[in-house]
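The values are calculated or read from the model by the stated rules, or taken from the named source; none is laboratory data. A quick note: this is a predicted structure, and the numbers were derived from the prediction, not measured. Please note: Cβ atoms are built from the backbone with ideal geometry, for glycine as well, and neighbour counts cover all protein chains shown.
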């Protein structure tokens, strides 16, 4: 009988070894899958971070353009509300300051000494 027990126990040991090998293999496959998923998630998050940073910079640039345009619009509204006398004074000021025009009968003196 003892021989039967040994023969019967031997297949159980082989079966246990096979189960251990398959459980080790399953554990390894699970670890590899978790690592692969983690790497994919990390790469995806980094990519999203850069895309968000690019879009934020683009948004900031557009906001600055909007503020510049709002200033131009407010200047245009002021010009539209000027009376005829105020408008002619404004045009004369722009002609003198920005375009270097002079009025009729005025003389222009240029300092050539540089002082």
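Points worth noting:
- Pairing residues of segment 77-106 that are without any contact (Cβ under 8 Å) to a residue 12 or more places away in the chain with residues that are in a loop (DSSP other than H, G, I, E, B) and surrounded by 10 or more Cβ atoms within 10 Å (Cβ to Cβ), at Cβ distances under 6 Å and at least 6 apart in sequence or on separate chains, gives 95/101.
- Given (1) over 30 Å from residue 108 (Cβ atoms); (2) surrounded by fewer than 10 Cβ atoms within 10 Å (Cβ to Cβ), number of the condition residue 56 does not satisfy: (2)
- Filter result for residue 78 (modelled with pLDDT under 95 and surrounded by 10 or more Cβ atoms within 10 Å (Cβ to Cβ)): yes
- Of the criteria (1) in a helix (DSSP H, G or I); (2) more than 38 Å from the chain's Cα centre (by Cα); (3) surrounded by 10 or more Cβ atoms within 10 Å (Cβ to Cβ), which one residue 85 fails: (3)
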